[in-house]
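K.L.:
Below you'll find the structure I mean.
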Amino acid sequence: MKKTICGEFKWDCAHRLYNVEKTKEENKKIFGKCYNIHGHTYHFFVTVSSLHFPDGSDRVDDGMIINFTELKDIVNKIIVDTQDHYLNLSFGDPILKQLLNWDLKINTMDGETTCENQVGLFWGMLEEPLKQIGCQLEKLKLYETETSFATLKND
Ligand SMILES: [Zn+2]
């Protein structure tokens, strides 16, 4: 058995799904309504265990895997502050050229901005900083809608 704790986070963000290797018409056909720029309120769950006590026992000095406040500070800084009210686009999306001079908050990423690609990106952003404070990232769960989510686990 392994003991874990989980922090929950929320933010609003826009994106569209676009594969830069395909034509406009192919993208419309593949992604349907998600070809258009639209928004979601993302719900994000970050689950961690202790690197110091992999057997699941508590830290003897304070009984915590990590202080929830410390976990929330890190995730807010690395993920929420770089996502909330941003527009996420695939690197090379042709609409980027039209938006560059508008001082908009835009993130670009390799591949399509799907829920599963984003959760992979977030894992890469969080894993090392969490290790530095003694936590092993165990699971990320990203809800794009109330009923659709992607997960990534430490197997
Ligand atoms: Zn969407």
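The numbers here are math on the coordinates, done by the rules we state, and not lab data. As the structure is a computational prediction, the values presented were derived from the model and not from experiment. All Cβ positions, even for glycine, are placed from backbone atoms using ideal geometry, and neighbour counts span all protein chains on display.
K.L.:
Looking only at ILE95, ILE30, ILE74, which one moves most when the chain is put into a Gaussian network model with springs between Cα atoms under 10 Å?
P.N.:
Between ILE95, ILE30, ILE74, it is ILE95 that shows the largest mean-square fluctuation.
K.L.:
Longest segment of the chain with no GluC sites (Glu not before Pro) in a DSSP loop having at most 10 other Cβ atoms within 10 Å?
P.N.:
Counting only loop sites that pass the neighbour cut-off, the longest clear stretch is 22-145.
K.L.:
In what sequence, highest mean first, do 87-94, 148-155 appear when ranked by Cβ atoms within 10 angstrom?
P.N.:
87-94, 148-155
K.L.:
Could you give the semi-axes, largest first, of the ellipsoid that matches the chain, computed as the square roots of 5 times the alpha carbon gyration tensor eigenvalues and rounded to whole Å? Could the numbers behind the result be given before it?
P.N.:
Numbers: eigenvalues 235, 47, 31 Å².
Taking √(5λ) for each Cα gyration eigenvalue gives 34, 15, 12 Å.
K.L.:
I would also like to ask the following. Would you mind checking the pairs LYS2/LYS141; LYS24/LYS105; LYS3/LYS139 and listing those with alpha carbons more than 20 angstrom apart?
P.N.:
LYS24/LYS105
K.L.:
Counting alpha carbon pairs within less than 8 Å and at least 6 residues apart, what relative contact order, in whole percent, applies to the range 5-153?
P.N.:
That works out to 32 percent.
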